[in-house]
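The values are calculated or read from the model by the stated rules, or taken from the named source; none is laboratory data. Quick caveat, the model's predicted, so the values are computed rather than measured. Here the Cβ is made from the backbone with ideal geometry for all residues, glycine too, and neighbour counts use every protein chain on show. The accessibility values were calculated without ligands, DNA or RNA, using every heavy atom of the protein model including side chains. Shrake-Rupley method; radii C 1.70, N 1.55, O 1.52, S 1.80 Å.
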Amino acid sequence: VSEMPLPQKKRWESMAKGLVLGALFTSFLLLLYSYAVPPLHAGLASTRTPEGTAPCSPAPSDPETGTPANGSAGGCQPRRDIVFMKTHKTASSTLLNILFRFGQKHGLKFAFPNGRNDFDYPAFFARSLVQDYRPGACFNIICNHMRFHYDEVRGLVPPNATFITVLRDPARLFESSFHYFGSVVPFTWKLSSQDKLAEFLQDPDRYYDPNGYNAHYLRNLLFFDLGYDSGLDPGSPQVQEHILEVERRFHLVLLQEYFDESLVLLKDLLCWELEDVLYFKLNARRDPAVPRLSGELYRRATAWNVLDARLYRHFNASFWRKVEAFGRERMAREVAALRRANERMRRICIDGGRAVDAAAIQDAAMQPWQPLGAKSILGYNLKKSIGQRHEQLCRRMLTPEIQYLMDLGVNLWVTKLWKFVRDFLQW
């Protein structure tokens, strides 16, 4: 057998060395990242702040339900102390942008994560996870992803802080979560059909492993995010107890399907101006990336997420009671005003007037974070000529979460490392 020519042999040796070095480097980065990621099923006790740590405000034993007192005969004062329990796949990134802008505009103090864009999710939240936390520290706004732990959060904000969260139809949320997170849930890798979502819903118990890595993303995600056991027996009295606890703790529960109406209620609750709640839809995905569930699959998805379904039904009913108390005609007028103002900002700010695919986004500062292995999340191009009056507002309204956090001075070394690994592997 003739020997391989020398130049070709050297080329193969060089490629082999490159592959070995690349594999070693990637393994090192993944190992480093794994040390920064919390265990999936971290217990509540393991994240509690040490005994004796002074809170900003004590947690009331039985917080009052309803709107916090705000105002007098002369009108209300804008509320600046806010806890936003950011649930997954519920238009929460859009609401996060609203809170970032308000806090930045008024020079408020945020409780931000340290190293990541979330508070070590899916571990429970603890005060010690806050960047530059010191015992007794007090903050105006907490709004990044976490697994909710009421006592720990309560200890970081003043007694009159407003607690809000947002819910979504559980079947639609499950569909979105399946497409966004499915590739990082290993038990879905066994699904072989082209429509993995439909295959899973035909017999979810066959595939689902409650102890599997990232399994929480694919069943009762709202219940999980709010700090409860997403695998509870639906017949347990604890389910209703947890739902009523959410009602006591949160002053307003927004609904993704009625986002504009939700923002009108929020504006009224917080005594904010219309400009404070203007928005562009962020973290939206291309329609083909998320096929709509059929009637039967919708029913199956709802049944699979029965705890979230009960939670959603409860707060859907309470939401419309709040709308009735606000006034249907008044609500219609204010929603129309919000939509007109959003449309005006769209014409002023957005090049082409619409969201575009990731590949068409010209400015890296406007590039949203993409799910693993796909580029299905849309973004925007900022107009090149915007009047001085609106230039800053336009940029802030269009800035994705990760870039906005960096603009606000958040330490995101873990997130940046993970992005480097993904880019290196072209995920």
The condition of being of a type in the set (D, E, K, R) and more than 22 Å from PRO159 (Cβ to Cβ) holds, among ASP81, ASP120, only for ASP120
For region 216-253, enumerate the residues that are charged (D, E, K, R), in contact (Cβ under 8 Å) with a residue 60 or more places away in the chain and closer than 17 Å to ALA303 by Cβ. ARG219
Hey, can you tell me all the residues within region 303-339 that are open to solvent by less than 50 Å² (accessible area, probe 1.4 Å), closer than 30 Å to ASP205 by Cα and either in a helix (DSSP H, G or I) or touching a Gly at 6+ places or on another chain (Cβ under 8 Å) (or both)? TRP304, VAL306, LEU307, ASP308, ALA309, LEU311, TYR312, HIS314, PHE315, ASN316
Considering only region 108-124, I want to know if a residue exists there that is basic (Lys, Arg) and either within 17 Å of VAL253 (Cβ to Cβ) or not in a loop (DSSP other than H, G, I, E, B) (or both). no
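Counting just the residues of region 280-297 that are outside any loop (DSSP other than H, G, I, E, B), over 30 Å from ASN97 (Cα atoms) and open to solvent by 30 Å² or more (accessible area, probe 1.4 Å), which one comes out modelled with the highest pLDDT? Show your work before the answer.
Of all residues in region 280-297, those outside any loop (DSSP other than H, G, I, E, B) come to 285, 287-289, 295-297.
Then drop every residue that is not over 30 Å from ASN97 (Cα atoms), which leaves 295-297.
Now restrict to residues that are open to solvent by 30 Å² or more (accessible area, probe 1.4 Å): 295-296.
Values: GLY295: 91, GLU296: 95.
In this case the residue turns out to be GLU296.
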Check region 138-147 and report whether any residue there is farther than 21 Å from PHE102 by Cβ and at pLDDT 95 or above. yes
Residues of region 341-361 being closer than 8 Å to TYR380 by Cβ and either assigned to a strand (DSSP E or B) or polar (S, T, N, Q) (or both), in sequence order, are ILE350, VAL356
Just to be sure I understand the filter: pairs with C-beta atoms under 7 Å, separated by 6 or more residues or on different chains, first member in region 150-163 and within 14 Å of MET85 (Cβ to Cβ), second member basic (Lys, Arg) and part of a helix (DSSP H, G or I). Which pairs pass? TYR150/ARG249; GLU152/ARG127; LEU156/ARG127; PHE163/ARG249
